[in-house]
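Asker: First the structure, which I've put down as structure tokens, then a few questions once you've had a look.
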Amino acid sequence: MALGKSLSEIRSMPYEEFASWQVYYMLEPFGFHDNEYRTAVLLTMLANVNASKKSQQKKVSDYVRNMLKLLEKTDHEMKLEEAVGEKYRTASKQEKMAMIEKAFRG
């Protein structure tokens, strides 16, 4: 996805080009992992610069999301999500708008 190419385009790419992209990725990583890390570094810096001298220093790991844990859902969460999805699918336009508005208000 980061290359902006489809799987068929990548499969038809000459091996030398593919290998050069692999080397480039090792030198200059791209994609959501890199963006997550950069964001965590910036948040850590901002938190530590603005923290009082007595507060504990933040670490980058305090701001890196555990993507696998975020994807895990309990049975209750899955059933609740299914119920809300079904309610939304059968709702009128006005009811759908009210549900969306409520979701954004928290």
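Asker: Kindly indicate whether any position in the stretch 27-37 is among the charged types (D, E, K, R), out of contact with any Ser or Thr (no Cβ under 6 Å at 6 or more places or on another chain) and within 30 Å of residue 102 (Cβ to Cβ).
Answerer: Of all residues in the stretch 27-37, those among the charged types (D, E, K, R) come to 28, 34, 36.
Cutting the leftovers down to out of contact with any Ser or Thr (no Cβ under 6 Å at 6 or more places or on another chain) gives us 28, 34, 36.
Next, only the ones that are within 30 Å of residue 102 (Cβ to Cβ) stay: 36.
For the stretch 27-37, residues among the charged types (D, E, K, R), out of contact with any Ser or Thr (no Cβ under 6 Å at 6 or more places or on another chain) and within 30 Å of residue 102 (Cβ to Cβ): present.
Asker: Then there's this: I need every pair where a residue in the stretch 1-29 that is touching a residue at least 24 places away in the same chain (Cβ under 8 Å) has its Cβ under 9 Å from the Cβ of a residue that is among the hydrophobic types (A, V, I, L, M, F, W, C) and assigned to a loop (DSSP other than H, G, I, E, B), sequence separation at least 6 or different chains.
Answerer: Listed by first residue and then by second, the contacts come to 2/30.
Asker: Next question, about the same structure. Return only the number of the condition from (1) within 30 Å of residue 4 (Cβ to Cβ); (2) within 18 Å of the chain's Cα centre (by Cα) that residue 21 does not satisfy.
Answerer: (2)
Asker: Oh, and also: Could you identify the single residue in 101, 72 that is surrounded by fewer than 10 Cβ atoms within 10 Å (Cβ to Cβ) and closer than 30 Å to residue 5 by Cα? Reasoning before the result, please.
Answerer: Values: 101 fails: closer than 30 Å to residue 5 by Cα.
Result: 72 is the single residue among 101, 72 that is surrounded by fewer than 10 Cβ atoms within 10 Å (Cβ to Cβ) and closer than 30 Å to residue 5 by Cα.
Asker: Cβ-Cβ distance below 7 Å, separation of 6 or more or different chains: which pairs start in the stretch 30-56 with a residue that is over 27 Å from residue 4 (Cα atoms) and end on one that is surrounded by 14 or more Cβ atoms within 10 Å (Cβ to Cβ) and of a type in the set (D, E, K, R)?
Answerer: Listed pairs, sorted by first residue: 44/58; 47/58; 48/58.
FYI, it's all coordinate maths here, none of it is from the lab. These numbers were taken from a predicted model, which means no experiment stands behind them. No Cβ is skipped: glycine too gets one built from the backbone with ideal geometry, and neighbour counts run over all protein chains shown.
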